[in-house]
Amino acid sequence: MIALDSRLSLCASYARKGKRLADIGTDHAYLPARLCLDGICAGAIAADINPEPLSRGQKTIADCGLENMIQIRLSDGLKEIRPDEADDIVIAGMGGELIAEIIGGWEYSRDKSKRFILQPMTKSELLIEWLCANGYEILSQDCCVAANKCYTVLLVQYTGEQREYGELFPYLGKLDPKKNDTHLRFTESHINRLLKKANGDARFAVLANKLREAVYGDR
């Protein structure tokens, strides 16, 4: 039995039924295996840049009897994934800047039928800035806690429309920290990081205070 933690479960919740999935940076291939076992995915590719994680993924796939549904693929990001092989693309467990680089480096990322399920471990604000500047829309965003750490997951689709946004949007995205305590916890982590950076640049303190006011102003 494969049990996903809260982080991967949240990623899994955004997968569309009957679609093909590519899991980039798959490690043990738990996510595609769980989705195939549950009948959500029609098939999947478990991809990683290194052979060692793929060997772990291959064992998971074999143990679950999913060799006919999940392919193992050695790939630098999405470079070895063809457009007809994946409808939903999961990129999880990486920094926001690297996720943006992977999406930007795939020539099929601007296919409006594709959806990206993104879970940045760090610098989610930089990823959101990149998405807005490059024509991607955040369809949905949520947060979860796993191993006592708070994470955010974004469901994203290319629309071609560059979006203007206020200075707080990269930190808040579609979260609602006034009504959701997990969203609040994630936003507070942004505030704390900004305050630490303020030791070298007072402008970050100003931004942290604006973010705090936006969250707590009438809470």
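We did not get these values from a lab; they are worked out from the coordinates using the rules stated. Just so we're clear, the structure is a prediction, and the values are computed from it rather than from any experiment. When we count neighbours, we look across all protein chains shown, and the Cβ atoms used for this are built from the backbone with ideal geometry, even at glycine.
Test of understanding: ordering 189, 124, 55 by Cβ neighbours within 10 Å, fewest first, what list do you get?
55, 189, 124
Rounded, prolate or oblate: pick one for region 176-219, where a ≥ b ≥ c are the square roots of the eigenvalues of its C-alpha gyration tensor, a/c under 1.5 means rounded, and failing that, prolate if a/b is larger than b/c, else oblate.
oblate
Where is the GNM fluctuation largest for the chain (alpha-carbon springs, 10 angstrom cutoff): 86, 133, 100?
Greatest mean-square fluctuation among the candidates belongs to 133.
Each label point is 7 Å from the Cα along the Cα-to-Cβ direction; what then is the distance between the points at residue 161 and residue 16, in nm?
Here the modelled spin labels are 1.8 nm apart.
Could you work out which residue, out of 79, 196, 114, moves most in a Gaussian network model of the chain, that is, has the largest mean-square fluctuation with Cα springs under 10 Å?
196
Given the pairs 79/179; 123/210; 149/210; 79/149, which are separated by over 29 angstrom at their Cα positions?
79/179; 79/149
Can you tell which of 158, 71, 143 lies farthest toward the positive end of the dipole of the chain, using +1 and -1 charges on the Cβ of basic and acidic side chains (Lys, Arg; Asp, Glu)?
Most positive-ward Cα: 143.
By a straight-distance test (C-alpha under 13 Å), which aspartates and glutamates pair with residue 178 as possible cross-link partners, with residues fewer than eight away in the same chain excluded?
188, 213, 218
Normalised by the number of residues in the chain, what is the relative contact order in percent for Cα pairs under 8 Å and 6+ residues apart?
With pairs under 8 Å counted, the relative contact order is 15 percent.
In debye, nearest 20, what is the charge dipole magnitude of the chain about its Cα centre with +1 on Lys and Arg Cβ and -1 on Asp and Glu Cβ, if you could check?
In total the dipole reaches around 500 debye.
If we count other beta carbons within 10 Å of each Cβ, what is the order of 156, 215, fewest first?
So the residues, fewest neighbours to most, are 215, 156.
What per residue convex hull volume, in Å³, do the alpha-carbon atoms of the chain yield?
About 126 Å³ per residue, rounded to a whole number.
Starting from the amide H of residue 121, placed 1.01 Å from N in the peptide plane, find each other amide H under 5 Å away whose residue is 5 or more places distant or on another chain.
Excluding prolines and chain starts, which carry no amide H, the hits are 93, 94, 95, 96.
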